[in-house]
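K.L.:
Shown below is the structure under consideration.
The values are calculated or read from the model by the stated rules, or taken from the named source; none is laboratory data. Since the model is a prediction, treat every value here as computed from it, not as a measurement. All Cβ positions, glycine included, derive from the backbone under ideal geometry; neighbour counts span all protein chains shown. For accessibility, only protein heavy atoms count, side chains too; no ligands or nucleic acids. Shrake-Rupley method; radii C 1.70, N 1.55, O 1.52, S 1.80 Å.
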Amino acid sequence: MTETFFVPESKGKIAHVALPVPINHGFDYTIAPDQSVTRGTLVEVLLSGRRCHGVVMEVSDHSDLPPEKLIPLKKVHSLPPLPEDVLRMTAFVADYYRAEPGMATDLALPPLFDKNVAVLARDVLPLSPTKEGRAALSALREQKRASLVLRALIDRTLSEGLSIDAQQTATATQKRYIKTWRDNGWLTETPNELNVEGGAYPLFDEQQHVVDAVISSWGTFKTFLLQGITGSGKTEVYLSLARHAIAQGMQVLILLPEILLTPQFEQRIAAALPNVTLAVLHSALGHGDRLRSWYRAATGRAQLVLGTRLSVFTAMPNLGLIVVDEEHDPSFKQNDGVRYHARDVAIWRAKERNIPILLGSATPSLESYRHAQRHRYAHYRISRRAHEEAKLPAISLVTEDYYRLKEGLSTALMNAIKMRLLRGEQSLIFINRRGFSPSIKCTSCGWEATCPHCSVRLVLHRSPPSLRCHQCDYAVSVTRACPDCGNIDLIPKGFGTQRLEQTLKATFPEARIARIDRDSTRRKSAFRAIRTDVENRAIDILIGTQMLAKGHDFSMITLVGVLGADNALFCADFRATERLFALLHQVSGRAGRGNLEGEVMIQTAFPDHPMYQALKRHAFDDYAEILLAERKALSLPPYVPIAYLEAESEDEEALFAFLNRARQLGLEIIKNKGASQHFALPLEKNTPDDTTSLSPKNFQGVEIFYPMAATLAKRADFFRAQIMMRSGERAQLQSFLRLFSEALPDVKVRNVRYALNVDPM
């Protein structure tokens, strides 16, 4: 039994602090008399001699450590404490996703660093002169020594005040003036008043129906699934709802799957919600910008928060509506650290806050679609495009023989591109492979260049010339001869974005061509610049990866060509075709969004595949029913929840020794708990061949599969493998995982790293 020590009154109170370390308990520190600390306070402490930021979870007068071993808090941050709903949310995430509490709590913290955070977070709201300030500034302007810069700043301040943007873009001299005027009491913060009427989009009937339904649920928890075809104006629905919520004094959280979508969304917000106080949060921002945005949200001053998955943990005291755009997107799932799913956490948060949440997608995830079928989600559809003259593009499946292709491009697609060039329209060529070629191959012995550190082939790049691994960033010069047989006839195998760019430039020398992939957009402003060129019709042909597939609205793109999609049909991931359908549906939706007719041409060797046939008809529901039938027959999500025990090691033998012992541990937990704990599962059922008999109707208990190599079996010199676990009931699986995760540290195998991944994607 752990001994509890009561701390002498002279030592002060005890703060129990959650820190971002992989340990399942908190840490105790003494609170100095001059420190004001409550539950949720953000603090800086020393842990094993290094500085660390954490959250106070409890204040008490006792500790499990003797008083002489306690040290004081190093610093109490002058920022709003995390509110109770956020602390409950992080506790839920830690429990459900089997993560350490301190690691989960850390997700809700803003960037914290040495500079005075109060100063960094200061310029949050627009500033306007007080009555005293107007008189003082007017007098200062008339002084003979006043410079032209000072007079211009005074004129701007007196006429229109100082917006957030004006303060952030001010010169160093101007910022010194502004600080002095604030310290003198000449300026005061003025919250933005949203122009409720200005910028409003006219909504058609289906859009308005969704808006009315969500508004009618203000103040109650309800999950809405909005299934709208590409270009149907889902964004207009989101922003109309945001306008109504903000007018009622609520804050709105909009989650996006990709950082690259935020600039366009910011523009739409600025047009639809004039003068709204916006906070943008994503990992590409600098620490200072992220801290300022977090502060605006946490103080309630930001009326709308726009961000990627981590934004779901942002403190928002007046949160009244959550929107998750492209809710099906796998980017919402975090695949390292705390392996949470932002969409599911957002739903939990909405339920805790008793507010509505809207999930939007043209191709909903099967999980959400199934919930809608069972009436757990209110299901609404938008079946027409927002632009009155815009129609869904015609989709054709091009099956030209491989040997007749010109550098991967069919004659039909080449002719279609030529037609668009003659008409002054734009084309988008999509291939989800960057680089010049996925591999190089010896024509004599069949050797292919592979990464020495990963179980993947090296990708040929032409600018600069190199062979690169897209997993670990290993790079080597292009070999001149086959290392196995000495043959110098090495050929590029397959096609990537660079190779397509070279082919199209050679075929259409007068065309203006741009490539968008991770290589071409490494500079911070590169993607924005290309996007502007497309909108200004300074680009004729756009080549890109899935970075281009989602959310972008280019009105003059009338042709979309798709290459290399068949590769996903052979993927081991059971979600591969679901994702492929969503990806192709999204990229197809880039065509014909204006008043010009759109066309999509997909090159495939399997035109009769049900996925392609459903895509051709724009029939998501038909293909969803096919996939649901498959998942039900195989006892897979969304019918049966699953979890993985994922492990990696530089020693492959140790890796599988650990996983086999872990599996045996799981079987012992099942056996020892028995039917009374709902873990009943005869051990003879756990054989590799006995999986097809399970179904949601007769599947009871927890099943643990044998260890299997991961899809990427080796990465950066680490071998990777996993065990799949599933159960007919989510509560059963969760109960098992709690016991399993607590017992896993007893599995002693050296040099193996592991993690549980609940609801893996």
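K.L.:
Evaluate the range 199-208: report whether one residue or more is acidic (Asp, Glu), surrounded by 12 or more Cβ atoms within 10 Å (Cβ to Cβ) and either modelled with pLDDT of 85 or more or in contact with an Asp or Glu (Cβ under 9 Å, 6 or more places away or on another chain) (or both).
P.N.:
Yes.
K.L.:
Take the residues in the range 125-146 that are in a loop (DSSP other than H, G, I, E, B) and open to solvent by 50 Å² or more (accessible area, probe 1.4 Å); name whichever of them is modelled with the lowest pLDDT.
P.N.:
Lys144
K.L.:
Within the bounds of the range 375-392, is there any residue that is modelled with pLDDT of 95 or more and more than 26 Å from the chain's Cα centre (by Cα)?
P.N.:
Within the range 375-392, one or more residues are modelled with pLDDT of 95 or more and more than 26 Å from the chain's Cα centre (by Cα).
K.L.:
Cβ-Cβ under 7 Å, sequence separation 6+ or interchain: first residue in the range 523-543 and touching a residue at least 12 places away in the same chain (Cβ under 8 Å), partner open to solvent by 70 Å² or more (accessible area, probe 1.4 Å). Which pairs?
P.N.:
Ala538/Arg512; Ile539/Arg512; Asp540/Arg512
K.L.:
Six or more apart or on different chains, Cβ atoms under 7 Å: show the pairs whose first residue is in the range 368-382 and more than 15 Å from Asp621 (Cα to Cα) and whose second is open to solvent by 60 Å² or more (accessible area, probe 1.4 Å).
P.N.:
So the pair list comes out as Ala378/Lys222.
K.L.:
Identify, please: which residue in the range 32-73 is outside any strand (DSSP E or B), under 23 Å from Arg88 (Cβ atoms) and not hydroxyl-bearing (Ser, Thr, Tyr) and is, among those, nearest to the chain's Cα centre (by Cα)?
P.N.:
The residue in question is Gly40.
K.L.:
Within the range 520-535, how many residues turn out to be part of a loop (DSSP other than H, G, I, E, B) and either at positive phi or open to solvent by less than 30 Å² (accessible area, probe 1.4 Å) (or both)?
P.N.:
Residues that pass the stated criteria total 1.
K.L.:
Name the residues in the range 539-560 that are open to solvent by 40 Å² or more (accessible area, probe 1.4 Å) and either at pLDDT 90 or above or part of a loop (DSSP other than H, G, I, E, B) (or both), would you?
P.N.:
Listed by number, the residues that qualify are Asp553, Ser555.
K.L.:
Something else about it: Among residues belonging to the range 58-77 that are closer than 20 Å to Pro101 by Cα and modelled with pLDDT of 90 or more, point out the one that is surrounded by the most Cβ atoms within 10 Å (Cβ to Cβ).
P.N.:
Applying the filter and picking the extreme gives Leu73.
K.L.:
Taking the range 414-434 as the region of interest, how many residues are outside any strand (DSSP E or B) and either among the aromatic types (Phe, Trp, Tyr) or within 33 Å of the chain's Cα centre (by Cα) (or both)?
P.N.:
Of the residues in that region, 4 qualify.
K.L.:
Taking interchain pairs and intrachain pairs at least six residues apart, which have beta carbon atoms under 6 angstrom, with the first residue in the range 318-336 and more than 22 Å from Trp294 (Cβ to Cβ) and the second among the aromatic types (Phe, Trp, Tyr) and open to solvent by 10 Å² or more (accessible area, probe 1.4 Å)?
P.N.:
Pairs found: none.
K.L.:
Then there is this: Just to verify a result, which residue in the range 567-595, among those that are assigned to a loop (DSSP other than H, G, I, E, B), open to solvent by less than 40 Å² (accessible area, probe 1.4 Å) and not charged (D, E, K, R), is nearest to Ala624 (Cα to Cα)?
P.N.:
Gly589
K.L.:
I've got another one for you. Restricting the search to the range 337-370, which residues are in a loop (DSSP other than H, G, I, E, B) and surrounded by 19 or more Cβ atoms within 10 Å (Cβ to Cβ)?
P.N.:
Matches in the range 337-370: Val338, Arg339, Tyr340, Ile355, Ala362, Thr363, Pro364, Ser365.
K.L.:
Looking only at the range 373-394, which residues are surrounded by 19 or more Cβ atoms within 10 Å (Cβ to Cβ), over 10 Å from Gln227 (Cα atoms) and aliphatic (A, V, I, L, M)?
P.N.:
Answer for the range 373-394, where residues must be surrounded by 19 or more Cβ atoms within 10 Å (Cβ to Cβ), over 10 Å from Gln227 (Cα atoms) and aliphatic (A, V, I, L, M): Ala386, Ala390, Leu392.
K.L.:
Considering every residue within the range 304-314, establish whether at least one is in contact with a strand residue (DSSP E or B) (Cβ under 8 Å, 6 or more places away or on another chain), modelled with pLDDT under 95 and among the polar types (S, T, N, Q).
P.N.:
No, every residue in the range 304-314 fails to be in contact with a strand residue (DSSP E or B) (Cβ under 8 Å, 6 or more places away or on another chain), modelled with pLDDT under 95 and among the polar types (S, T, N, Q).
Conditions (1) touching a Phe, Trp or Tyr at 6+ places or on another chain (Cβ under 8 Å); (2) under 18 Å from Gln168 (Cα atoms); (3) among the aromatic types (Phe, Trp, Tyr); (4) surrounded by 19 or more Cβ atoms within 10 Å (Cβ to Cβ), marked per residue:
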| site | (1), (2), (3), (4) |
| --- | --- |
| Gln251 | no, no, no, yes |
| Leu255 | yes, no, no, yes |
| Leu260 | yes, no, no, yes |
| Pro274 | no, no, no, no |
| Ala279 | yes, yes, no, yes |
| Leu291 | no, yes, no, yes |
